[in-house]
Each structure stands twice: as C-alpha cells, then as structure tokens.
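Trainee: Take a look at this one; I'll ask things after.
We did not get these values from a lab; they are worked out from the coordinates using the rules stated. Computed from a prediction, not measured in an experiment: that's the story for all the values here. In this analysis, Cβ positions are derived from the backbone assuming ideal geometry, glycine residues included, and neighbour counts consider all displayed protein chains.
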Ligand code: FAD
C-alpha cells in the first residue's frame, strides 16, 4: 500500500485506481495522461509486460469513455534491451492504443533514437503521437526546427535529467531563459501541437500571452499532486492535462519529487496531517 505521504504524487498502484483518478479529473475539466511507473528495464520480458499494460490501459480509457491518453518511457519499453525492442514495443502500443500516445524524453544519449521513433510514428498516424523535449539541452533549438513541420504534439519541459555541461545549460536561470525562447519559437512556428509541461507560473503566463498574440492552440500539462488548484483554475479557460503516474514502483518516483523540491515533502506532510 502507498503510504499517505506519497499518495499525493501517484494515483495508486493499479490501473483501475489510475482510471478512477482520470474520471475524477475529467469531472473537473482536466484530462489525464497515464504513466505506469517503470524505467531502465534490461530484460525484454519486463519491457514487453509494460507495453502490454499500456495497451490494456488505453483499452480501459476507451471502455470507460475517459478523456485521457498514455505516456511511455523509452527505457521502460525496451530501449536498454536494444533499439529494436523499443521500436517494436512502441509500434505495438501506437497500433493498438485507441488514444494519443506520448513518448517521454529520458537521458541525453537517448534523444536521437527517441526523436526518430517519434517522427516515424507521428507521420504514420497523422499526428497521434507526441514527444517531450528538454529546454536544458543545447541541441533543442535544432530539434524544434526539425519538428516544426512534423505532425503530432511536442511537450516542452525544463529537463529532469543532469546532462554534462558540454551539451547542456546547467544554470537554472539559463534553462528558464531557453525555455522562454523555445516556447516563443513554438508559438511562432508550430501550427498546433504545443504542450507546456511546467508548473512554473512564469511559463504558463508566457504561453497564455503567446496564445493571445499568435492564436496558436496549446495545452498545459502538470503532474499529479503539484499545483492542482492552478490546474483546475486554468482548465476553466485552457486545455489542461494532468500527468498521472501510478503503479507499484512508486517509491523512486516519490523520492525524485522530494529531491527536486524540498517543499514537496512539507506539502505532502501537511496533506497527511490535515487529512
Ligand atoms: P521549476 O523550475 O521546478 O519551478 C519553477 C516554479 O514553478 C517554482 O518557483 C514554483 O513557482 C512552481 N512550482 C514548481 N514546483 C512546484 C510545486 N511542487 N508546488 C508549487 N509550485 C511549484 N522531464 C524530462 O526530462 N522528461 C520528460 O519526459 C518529462 N515529462 C514531464 C511531463 C510533465 C507533464 C511535467 C509537468 C514535467 C515533466 N518533466 C519531464 C519534468 C520537467 O523536466 C521538470 O523537471 C519539472 O517539471 C520541474 O520544472 P518546472 O518547469 O515544473 O518548474
């Protein structure tokens, strides 16, 4: 069982609990992006099992008529087993899932294979696939130029990994500056398919201004348990998705949220004490 302190950041251990969470969000105007926790599998059987779980999850969304989609990690569906395993499992998921499929971005050395797979599926499905790009990587300007004419959606995030300084911006203020620059580029050059993956009010405000200026549609994405009241407020005016992790491997995910931001621990503790 997930202890109450971690419960804010994950939607339970089972697919049924995760789908219930989407239903609750939908009732308040927010859509769901489901992520089964798991990464860095070295065994093909583990990768295949999670690929199958995503297909079942997509089927659950459709069966329950929920407004949501799925987001997979390349290393969860086979990238560390081999490029073939990743590509086969992604193809299986995209083919079988009756919903939009996001591909998360992991370490910097997985960017090329992830972008190649995304681009192929985005073109084949006429845009039913999305990919995440990280503002802290120096190459992201070129990546966005490459993706500007590709169908599908692109989620811009600041970057959760620690790439080496030769290829990445390491100062937080510089990453914020690049996020602004990339977001501006996306609103100028993308026809649609912009996802703002950030809890930073400065970035969501900028997206709103850019939307006013250019009229380009966009969506805001935030994580379960983070600025949820802002999510519900924004959903009154904009398309908002909550990225919803769930599953038995919740501990390392919870630990990462706490490491990323100490206030998360206080926030989680307050929620427990107050409940
Ligand atoms: P930060 O720069 O961490 O914080 C800026 C401001 O946001 C803070 O000053 C505060 O005002 C507000 N804020 C932030 N956190 C909180 C909080 N807990 N409570 C209240 N206010 C807060 N990274 C990847 O590398 N690959 C991915 O595929 C990926 N997918 C993601 C998907 C989604 C939907 C989201 C939201 C993030 C994803 N990330 C991913 C993580 C991302 O790269 C960042 O590490 C993470 O979002 C933190 O950056 P931030 O822009 O949210 O805000």
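Trainee: For segment 84-175, what is the per residue volume of the convex hull drawn over the alpha-carbon atoms, in cubic angstrom?
Mentor: Convex hull of Cα atoms, per residue: 91 Å³.
Trainee: Taking the Cβ-Cβ separation of residue 214 and residue 20 as r and a Förster radius of 45 Å, what is the calculated FRET efficiency to the nearest 0.05?
Mentor: 0.75
Trainee: Express as a percent, rounded to the nearest 5, the fraction of DSSP beta bridges in the chain (both residues included) that run antiparallel.
Mentor: Counting DSSP beta bridges with both partners in the chain, the antiparallel share is about 5 percent.
Trainee: Starting from the Cα of residue 113, step 7 Å along the direction of its Cβ; do the same at residue 45; then give the gap between the two resulting points in nm.
Mentor: My value for the distance between the label points is 2.2 nm.
Trainee: Right, here's the next one. For segment 76-112 and segment 142-189, write down the distance between their C-alpha centroids in whole Å.
Mentor: When both Cα centres are located, 20 Å separates them.
Trainee: If you take every DSSP beta bridge fully contained in segment 82-181, what fraction is antiparallel? Give it as a percent rounded to 5.
Mentor: Given both bridge residues lie in segment 82-181, the antiparallel proportion sits at roughly 10 percent.
Trainee: How much space per residue, in cubic angstrom, does the convex hull of the C-alpha atoms of segment 55-131 take up?
Mentor: It comes to 78 Å³ per residue, whole-number rounded.
Trainee: Contour minus end-to-end for residue 165 and residue 138, with contour as 0.36 nm per residue of separation and end-to-end as the Cα-Cα distance?
Mentor: Between residue 165 and residue 138, full extension yields 8.8 nm more.
Trainee: Mean residue ellipticity at 222 nm from the helices of the chain, using -39,500 (n - 2.57) per DSSP H segment of n ≥ 4 over the full residue count, to the nearest 500 deg cm²/dmol?
Mentor: -15500 deg cm²/dmol
Trainee: Over segment 1-49, one equal point on each Cα, no solvent: what is log10 I(q)/I(0) by the Debye formula at q = 0.21, 0.23, 0.27, 0.28 Å⁻¹?
Mentor: Reported log10 I(q)/I(0), two decimals: -0.84, -0.92, -1.04, -1.06.
Trainee: Given the options 36, 137, 206, state which has the largest fluctuation in a GNM of the chain using a 10 Å cut-off (strictly under) for Cα springs.
Mentor: 206
Trainee: Rounded to whole Å and ordered largest first, report the semi-axes of the equivalent ellipsoid of the chain derived from its Cα gyration tensor (root of 5λ).
Mentor: 25, 24, 20
Trainee: Looking only at 133, 226, 94, which one moves most when the chain is put into a Gaussian network model with springs between Cα atoms under 10 Å?
Mentor: Sorting by GNM fluctuation, first place goes to 226.
Trainee: Taking 0.36 nm per residue of separation and subtracting the Cα-Cα distance, what length does fully extending residue 188 through residue 200 add?
Mentor: Contour length minus the Cα-Cα distance gives 2.2 nm.
Trainee: Output the direction-averaged projected area (hull surface divided by four) of the convex hull of the alpha-carbon atoms of segment 2-96, in nm².
Mentor: 6.3 nm²
Trainee: Please work out the Cα convex hull volume for segment 105-228 and give it in Å³ per residue.
Mentor: Cα convex hull per residue, to the nearest whole number: 103 Å³.
Trainee: Pick from 142, 119, 80: which residue has the top mean-square fluctuation in a GNM of the chain where Cα pairs under 10 Å get a spring?
Mentor: Taking springs between Cα atoms under 10 Å, the residue moving most is 142.
Trainee: Right, here's the next one. Viscosity 0.692 mPa s, temperature 37 °C: what is the translational diffusion coefficient of segment 24-78 from Stokes-Einstein with a Kirkwood Rh over Cα pairs, rounded to a whole number of µm²/s?
Mentor: Translational D for this selection: 275 µm²/s.
Trainee: Name all residues of segment 14-55 having a backbone nitrogen under 12 Å from the label point set 7 Å from the Cα of residue 92 along its Cα→Cβ direction, giving them as ranges.
Mentor: Counting only backbone N, you get 44-55.
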